Amino acid sequence: MIIHSQVRTVRQGFTLIELLVVVVVIGLLIGLSIPAISQALMLSKRTACASNMRQIGMAMTLYANENEGWLPTSSHTSASQSWIFQLQDYMGGSFDKARLCPSDPKREQRKQARGSSYVLNEFTSLDVTDPFGNLIEASHRNLLRMARPSQTIVLFTVSDRVGVSALNDHTHSRNWSKGWKSVLADIQPDRHRSGGATADHTKGSANYLFADGRVENILAAKLKQQVDSGINPARPPL
């Protein structure tokens, strides 16, 4: 006689403590992943911005080659056309994309207003004259005459405080000797950052285009140190 024994399998659900442990672990994983995702997104936009600046730099070089070394003028000199539109023929189909930084919160407004997320350095785009038109200080607008192109910044990232129209296309960097607030009135040194801005905008960094076509990412805190020490980072070295 064969006796078949039956084995009853008892399945139990998660206890309340186990469920709480799972919830806590998931919460920790989410807490760890969000900053990492935010950092990766910031770096991606920073890279895209740098690519935009390199394209603009190449267009500037082509423009200068066809104009005896002269770089494009700002709206201060040519009110009918901002410098960025003077480069349009040299940038082709990438023009609209390249003139707008993906991290610029006003990029769509600037696009509609024919503006740009980038502004020319006053030192490399504007002469200083007296009320009678006499030259006080010549600009460093000619690449062929520029003393140190590799150390001369020609393009900055525009400040969120600046208007979106094509008329707002250059800095007033000769005033930067007045201090950090005058810098913040023109440019956004913390354009690329994770999280919110600090009161003095020294958390994060921004990209800068130099006259030789090089793009460098500079920490906002480092730029502020220069300004605080009396150095105007926009002034071309002699």
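Quick notes
- Taking Lys and Arg as +1 and Asp and Glu as -1, the other residues whose beta-carbon sits under 14 Å from that of Arg191 total +3.
- Straight Cα distances below 17 angstrom link Lys222 to the lysines Lys181, Lys203, with same-chain residues fewer than 8 positions distant left out.
- Environment charge at Ala220 (Cβ cut-off 11 Å; Lys +1, Arg +1, Asp -1, Glu -1): +3
- Surface listing: Glu66, Glu216 arranged by accessible area from highest to lowest gives Glu66, Glu216, probe 1.4 Å.
- Inter-label distance, nm, simple model (7 Å from Cα along the C-beta direction), Glu108/Gln88: 2.2 nm
- Residue order by solvent-accessible surface for His192, His140 is His140, His192, largest first, with ligands and nucleic acids left out and a 1.4 Å probe.
- Dimensionless Rg over Rh [the range 93-238; C-alpha; Kirkwood]: 0.96
- Fully extended contour minus Cα-Cα distance, from Arg161 to Asn67, at 0.36 nm per residue: 30.5 nm
- Sites listed here are chymotrypsin sites (Phe, Trp or Tyr not before Pro) in the range 120-202 whose DSSP assignment is loop and whose Cβ has at most 16 other Cβ atoms within 10 Å: Phe132.
- In the assembled protein chains, Ile37 presents an accessible area of approximately 110 Å² (probe radius 1.4 Å).
- Stretchable slack from Asp96 to Thr15, in nm (0.36 nm times residue separation minus alpha-carbon distance): 23.4 nm
The values are calculated or read from the model by the stated rules, or taken from the named source; none is laboratory data. On a predicted model such as this, the values are computed, not experimentally measured, just so you know. All Cβ positions, glycine included, derive from the backbone under ideal geometry; neighbour counts span all protein chains shown. In case anyone asks, the SASA skips ligands and DNA or RNA and just uses the protein heavy atoms, side chains included. Shrake-Rupley method; radii C 1.70, N 1.55, O 1.52, S 1.80 Å.
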